[in-house]
Protein chains: 2
Amino acid sequence: METRELRYFVAVAEELHFSRAAARLGIAQPPLSRAISQLERRLGGALLERNSRGVTLTDAGRVLLAEARAALDVIDAAERRTRRATGDGAEPGLVLVSKAGASTELLTKLLDAYAAEPGSVKVEVDLCGIGQQGPRLRDGRADVALLHRPFDSVDGLDSEDLLTEGQVAVLPSSHPWSTRSQLRMADLDDIPGLPPMRWPSGGGYADGPGPEVRDSMQLYQLIALGRAYALLPESARAEQHHGIVTIPVLDAPEVTTVIAWPQHSRSLALAALVRTATRL
Amino acid sequence: METRELRYFVAVAEELHFSRAAARLGIAQPPLSRAISQLERRLGGALLERNSRGVTLTDAGRVLLAEARAALDVIDAAERRTRRATGDGAEPGLVLVSKAGASTELLTKLLDAYAAEPGSVKVEVDLCGIGQQGPRLRDGRADVALLHRPFDSVDGLDSEDLLTEGQVAVLPSSHPWSTRSQLRMADLDDIPGLPPMRWPSGGGYADGPGPEVRDSMQLYQLIALGRAYALLPESARAEQHHGIVTIPVLDAPEVTTVIAWPQHSRSLALAALVRTATRL
DNA sequence: CTGGGAACATACCTGAGCGGTATCGGCGGC
DNA sequence: GCCGCCGATACCGCTCAGGTATGTTCCCAG
């Protein structure tokens, strides 16, 4: 199977319409019909049900759609990584991606320690939105990431644990509970008039009453405005913001900061960075 | 990047010789040279160093080699899975892969329980050699596997734990220790004249003195012949073989049998099988 | 019932590009 | 210095991807 065929099939499977798919691909409709027919003939069965009033996927078509998307992602990642390794532009060394506003202290220490290592290369830091680190690694835009289990999935990645910590509730300082010295998980279920923050996890937002946020600034600002609370790793206390207080939650699940990288990564610079991180 | 280009590049990168690579690909050498040059031009940098006395990989070439192999594997898997879903031959339902000779009892119970479920499909069982389950899943020849942590890696797979158990030492019944009622890990380091069995793990055999085995029959036979001992999960005691004895090893690391399947699997039949397994 | 239109398939043509043969250029060994 | 090995280049033919025109089928309007 050629990637061209996969791209064509994905376009048709997503549009469920040959002419629209052809337009999206920048080709005419007949060659697209022919390419799909050839693909079906080669795979030995129908992928699409043609109803003369649109198109639907067969079971095999659904399988191929999922597989083809994954395969195209892998190929795009391969191209990006190779192009980055090719030294065509400025040789950026390593790209590290981390949630903006998280693990600031750990990240600083890591970068300092690594820069002090003999033979270390330049590390470009990409501070992304919440939950974007995994995709950045997988699609080849980054070499290494800081993730936070159990929020971020490490499926399909290699990783090393760096730091495990408890969590604190982050509340508006105007809130009646802001003077408490500690909380329990059960308390959080019914904070008077304060819903939990929601952020992307596993590709989308969970259902619930609270506001949706994409990054830490939104999060702190919404808390300061008294619109929600959040449960964050202890290290968030190092962040000083106006209008918020942090209170330990004794029985909150622990959060582990991990350093993660794509499987079958063979870079010496990456290995050195990971080694430095685990020794912090 | 087309898969044809990736196949060509992998062939050259593995052979480090254009003419041999061309022969392996079944084409002539000049088109191969041209294809690689085009690929290099498109990626914006050299992948190979031509020394007129053979070929070596550049850093970018090493990156692309690893990435291209992974991408080609994903594409092969996509094709196999689609072809299996295409119903061209007998519709085998699900293919479950497990180490031959391991988890026999669990497997029997699982298959019986699943067959009794309403709406269950036929399950083909593929009993493979030690350490072959992961590859079978990843390359699309199987839908679901029974693995044994920590021996088998679940990297890149989704999984559910089924059963955790201790381990037993399997010794020749002629061995002086065969009458002992229990052992400790420290004892095993110096069993008089009996090396530990070695089996494939992580793609190859570890170094060591013991004999190498690929499947359970070899293993039991070599133990009965007094050539090695093995450390196996307790459930192996259910296997009755001549000439061997099993002795609990009190402080051996625990082994967890897990059911695993490819990420982004969307099959309802698979979900039902996994649900059945976790309820056993 | 019939004409029109929407949508995919078919027919046929053209040209890009893949693969083949012949040959060149560079380098190391004898 | 000649020969042999190996990759690059030149050139050619043919396959096949992509374009245009048209066919076939079905739905729907009137």
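The values are calculated or read from the model by the stated rules, or taken from the named source; none is laboratory data. Everything numeric here is computed off the predicted structure, so don't read it as measured data. Quick reminder, even Gly has a Cβ in these numbers, built from the backbone with ideal geometry, and neighbours come from all protein chains shown. The accessibility values were calculated without ligands, DNA or RNA, using every heavy atom of the protein model including side chains. Shrake-Rupley method; radii C 1.70, N 1.55, O 1.52, S 1.80 Å.
General remarks:
- Answer residue from the stretch B:112-124, given it is surrounded by 17 or more Cβ atoms within 10 Å (Cβ to Cβ) and aliphatic (A, V, I, L, M) and is farthest from B:Pro233 (Cα to Cα) among those: B:Val121
- Candidates are the residues of the stretch A:39-62 that are within 11 Å of DNA strand D (Cβ to nearest atom) and away from chain B (no Cβ under 14 Å); the one that is most open to solvent (accessible area, probe 1.4 Å) is A:Arg53.
- Screening the candidates A:Leu250, A:Leu222 for the property of being in contact (Cβ under 8 Å) with a residue 40 or more places away in the chain and either aliphatic (A, V, I, L, M) or open to solvent by 90 Å² or more (accessible area, probe 1.4 Å) (or both) yields one hit, A:Leu250.
- Enumeration of residues in the stretch A:19-38 that are away from DNA strand D (no atom under 11 Å from the Cβ) and surrounded by fewer than 20 Cβ atoms within 10 Å (Cβ to Cβ): A:Arg20, A:Arg24
- Strands (runs of 3 or more DSSP E) within the stretch B:1-115 that include 1 or more residues within 16 Å of DNA strand C (Cβ to nearest atom): B:48-50, B:55-57
- The one condition in (1) modelled with pLDDT under 90; (2) in the same structural domain as B:Leu273 (by TED's automatic domain parsing) that B:Ala142 fails to fulfil: (1)
- Only strands (runs of 3 or more DSSP E) whose full extent lies in the stretch B:125-205 are considered here, and the ones with at least 3 residues that are surrounded by fewer than 16 Cβ atoms within 10 Å (Cβ to Cβ) are B:157-165.
- In the set B:Ala77, B:Ala66, only one residue is in contact with a Gly (Cβ under 6 Å, 6 or more places away or on another chain) and within 20 Å of A:Asp76 (Cβ to Cβ); that residue is B:Ala77.
- A:Ala71 being more than 16 Å from DNA strand D (Cβ to nearest atom), within 14 Å of chain B (Cβ to nearest Cβ) and open to solvent by less than 60 Å² (accessible area, probe 1.4 Å): yes
- Among (1) within 14 Å of chain B (Cβ to nearest Cβ); (2) open to solvent by less than 60 Å² (accessible area, probe 1.4 Å), the one test that A:Gly101 misses: (1)
Conditions tested, residue by residue: (1) farther than 30 Å from B:Gly156 by Cα; (2) in contact with a strand residue (DSSP E or B) (Cβ under 7 Å, 6 or more places away or on another chain).
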position	(1), (2)
B:Ala23	yes, no
B:Pro31	yes, no
B:Thr56	yes, yes
B:Ala68	no, no
B:Ala78	no, no
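- Residues of the stretch B:3-18 satisfying the condition of being near DNA strand D (Cβ under 10 Å from one of its atoms) and of a type outside the set (Val, Ile, Thr): B:Glu15, B:Leu16, B:His17, B:Phe18
- Inter-residue pairs, beta-carbon under 7 Å, first more than 14 Å from chain A (Cβ to nearest Cβ) and in the stretch B:1-24, second assigned to a helix (DSSP H, G or I) and aromatic (Phe, Trp, Tyr), 6+ apart: B:Val12/B:Phe18
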